[in-house]
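Participant: This is the structure I want to talk about, given as structure tokens.
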Amino acid sequence: MSLSLLLVGCSGTKTSESLSSTSGKQKETQCYQMFTSLKSLDNASFKKFQHQFSIINNNYAIYKKNKSLIDSNSAEIIKLELNDKVDIVCARVRSAVFASMSKRANELNKL
């Protein structure tokens with residue numbers, strides 16, 4: 001599963017846009033690592049989020065394929081919506097990892 005479809009690569013110049021793109025890639029990497037760890041921590045949640053990422057990626061592929069056919073305002077709205085959905089699912093992934101680790105810590109405290 002690759003989230004990189006949803007992020008734009010860094011440009012060669014050092015602008016605030018390229019800095020935000022770099023932090024975006026860091027967030028993407030962190031999300032991917034947490035998502036991967038969720039497979040062994042909570043497989044049911046992993047599958048649920050995998051399905052959500054799959055839907056986002058499918059919609060992104062449709063967006064990229066038809067980007068030249070739609071006006072720029074509509075394209076921008078769709079792109080923003082897709083990016084927002086990725087952020088939401090990543091937040092859910094972080095929450096699931098935290099909940100799983102917290103549950104494990106509580107189980108250890110009972111020993």
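Read-outs throughout are calculated quantities, based only on the coordinates presented, and are distinct from any laboratory measurement. Quantities reported herein were computed from a predicted structural model and do not represent experimental measurements. We place every Cβ from the backbone using ideal geometry, glycine too, and count neighbours over all the protein chains shown.
Participant: Which of the residue pairs 47/79; 27/47; 48/110; 27/64; 47/103; 25/110 have a Cα-Cα distance greater than 28 Å in the structure shown?
Facilitator: Long pairs (Cα-Cα over 28 Å): 48/110; 25/110.
Participant: Which one, 97, 58, 43, projects farthest toward the positive side of the charge dipole computed for region 34-111 from Cβ point charges (K/R +1, D/E -1)?
Facilitator: It is 43, whose Cα lies furthest towards the positive end.
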